[in-house]
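This report concerns only the one structure given below.
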Amino acid sequence: MEHEDISYLKRYVQNHPDNRMAWYLLGKQYMLEDKEAKANYCFLQAGSIYEAYERKQHPLAKAPKLMIADWNRKRRINKLLRRSAVIALLLLGITIINPFSSGNKEQEEALTAAVMEASDRMAVVFVKPATEEGLGRALGALIEDGAQSPAYGIAAMLEQEGNWRKWTGATRLLLSTQRQGSGEAFEVGMLDALACDCQPADATEAYSKFQEWSAVQEQRWTLRSAIIHYRELFKRWPEELNDMVRPYPNNVLAGETDYMKQAFAGILEEIRRSGAGGKSSQGDGKTGAGRDRAGQGGEALPDQPLSVVVDTSNYRLAVISGDVIVRSYPIGLGGEKTPSGSFYISEKVKNPNGKDDGEFGSRGMTLSGTRYAIHGTNEPDSIGKDESLGCVRMLREDVEELYDLVPLGTKVTIKNGVLPESGTSHAQRFQLQPMQDETNPAVIYRWL
């Protein structure tokens, strides 16, 4: 098969990951090119289709179970070797530093997965894609530190569409780990039938814990973004959370949460150590410090500041961090009157018409000091249409969530053809506890 045909199949399975026949055909083409590793991955995704056509089970079909057993065996051997080495050196009267410890910080930060903890006892690893090797590395990242590892861990994979991962999409939880007692024994549960080709364990508890962790991660994204933008706007670091939760026009954050109050000092120190302050548009966004632990589980969850992308071709506005779409909303536009290019949120105001049901709704965010803004509307039927004079219109619940989610100074890019055509719903809205007056009754807004 010619190269462009293989490229077509690769794109097809990315957009249709549940089509097992497509996976099987792609695997057969990889075999013709002697790319056995890639072929095996495709055959594993093909599952029953592979078995039907080849009349046998793929030899790696039970790999997750074998992988876990092999990992545990190697860990026991390594543990015995470490103990033997320590005893031997002590008998010789030598003072030692354990060469098997994970004290090389630079090496840890260079690894390609991130374990992001919502608490000291919970960790989540993101895997991309869910290969057998990725599962093994994710497992290693979650339990590598033995008794010092988090008591509960989850390996997850976000829904993928094109080059985007969807934060509120159909997330797959692949496996969970739970430490038994105070030792190094772990109970490992395979949670995804496609990943393990097995009867998965009950994932109810894992999904509940993941939802709690996700809510904290969203607060972390917003707080981290606010600290970076505060530095950009005021040329200094915030000394406390209250520096960013101020009345209009210095309302970098629209409010606070208990987590933000507890996490502020640690996240500020993390940003200062990583050198990310004032450079929100640079770097790979995969910094890991403070409570973040580096592992080898696959693709890291981005830690880039939140930004906004407006797609004029499909009337959608998305909040993103790196390649992750955190939220996606339907919007109304102004056709050719809506400008394209890069902007930033230069002003955030509540009830821009002096009331919450006026022409501009209950929230407004000015773009780069112009007459263009992202705001609410009292004409909800205009969403999905070109009826504004250039501004971006949003439904009330959507614009109020966006207002809380993105801080003052957030980058906004307006272009076409960059976002998926459809969004995903999110049952729990992001919301901050308001602390200051964010209205501006002295100004009559005349946004377009």
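The values are calculated or read from the model by the stated rules, or taken from the named source; none is laboratory data. All of these numbers come straight from a predicted model, not from anything done at the bench. Cβ coordinates were reconstructed from backbone atoms using ideal geometry, including for glycine residues, and neighbour counts include every protein chain displayed.
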Q. Scanning the stretch 230-273 for residues that are within 23 Å of the chain's Cα centre (by Cα) and of a type in the set (Ser, Thr, Tyr), which turns out surrounded by the fewest Cβ atoms within 10 Å (Cβ to Cβ)?
A. Tyr259
(Q) under 23 Å from Gln304 (Cα atoms), touching a strand residue (DSSP E or B) at 6+ places or on another chain (Cβ under 7 Å), of a type outside the set (A, V, I, L, M, F, W, C) and touching a residue at least 60 places away in the same chain (Cβ under 8 Å): which single residue out of Asn440, Asn416 fits that description? (A) Asn416
Q. Would you call Gly390 in contact with a helix residue (DSSP H, G or I) (Cβ under 6 Å, 6 or more places away or on another chain), within 19 Å of Leu306 (Cα to Cα) and at pLDDT 90 or above?
A. no
Q.
Can you say whether Ala289 is assigned to a loop (DSSP other than H, G, I, E, B), modelled with pLDDT of 90 or more and touching a helix residue (DSSP H, G or I) at 6+ places or on another chain (Cβ under 6 Å), as far as the supplied structure shows?
A. no
(Q) Looking only at the stretch 194-218, how many residues end up being over 20 Å from the mean Cα position of the chain (by Cα) and free of Cβ contacts under 8 Å to residues at least 60 places away in the same chain? (A) 7
Q | strands (runs of 3 or more DSSP E) wholly inside the stretch 120-238 containing at least 1 residues that are among the β-branched types (Val, Ile, Thr) | A | 122-126, 152-157, 172-179, 186-190
Q. With respect to the numbered conditions (1) surrounded by fewer than 21 Cβ atoms within 10 Å (Cβ to Cβ); (2) modelled with pLDDT of 80 or more; (3) not hydroxyl-bearing (Ser, Thr, Tyr), which one is the sole condition not fulfilled by Ile227?
A. (1)
Q: Report, by residue number, each residue of the stretch 338-374 that is of a type in the set (Gly, Ala, Ser), in a strand (DSSP E or B) and in contact with a Phe, Trp or Tyr (Cβ under 6 Å, 6 or more places away or on another chain).
A: Ala373
(Q) Tell me the residue from Leu191, Leu175 that is touching a residue at least 40 places away in the same chain (Cβ under 8 Å) and farther than 17 Å from Arg121 by Cβ, please. (A) Leu175
(Q) Being at pLDDT 80 or above, small (Gly, Ala, Ser) and either surrounded by fewer than 14 Cβ atoms within 10 Å (Cβ to Cβ) or under 25 Å from Leu174 (Cβ atoms) (or both) is true for just one of Ala22, Ala37, Ala52, Ala61. Which residue is that? (A) Ala22
Q.
So for the stretch 406-413 (the condition being at positive phi and in contact (Cβ under 8 Å) with a residue 40 or more places away in the chain), does at least one residue qualify?
A. yes
Q.
Being among the acidic types (Asp, Glu) and surrounded by 14 or more Cβ atoms within 10 Å (Cβ to Cβ): is that true of Glu387 here?
A. yes
Q) From Leu139, Leu173, which residue is within 30 Å of Gln428 (Cα to Cα), at pLDDT 85 or above and surrounded by 18 or more Cβ atoms within 10 Å (Cβ to Cβ)? A) Leu173
Q. What number of residues within the stretch 403-448 are of a type in the set (A, V, I, L, M, F, W, C), part of a strand (DSSP E or B) and farther than 20 Å from Leu233 by Cβ?
A. 1
(Q) Six or more apart or on different chains, Cβ atoms under 7 Å: show the pairs whose first residue is in the stretch 142-159 and on the phi > 0 side of the Ramachandran plot and whose second is at pLDDT below 75. (A) Gly146/Glu184
Q. Name the residues in the stretch 317-360 that are among the charged types (D, E, K, R) and surrounded by fewer than 22 Cβ atoms within 10 Å (Cβ to Cβ), would you?
A. Asp323, Glu336, Lys337, Glu347, Lys350, Lys355, Asp356, Asp357, Glu359
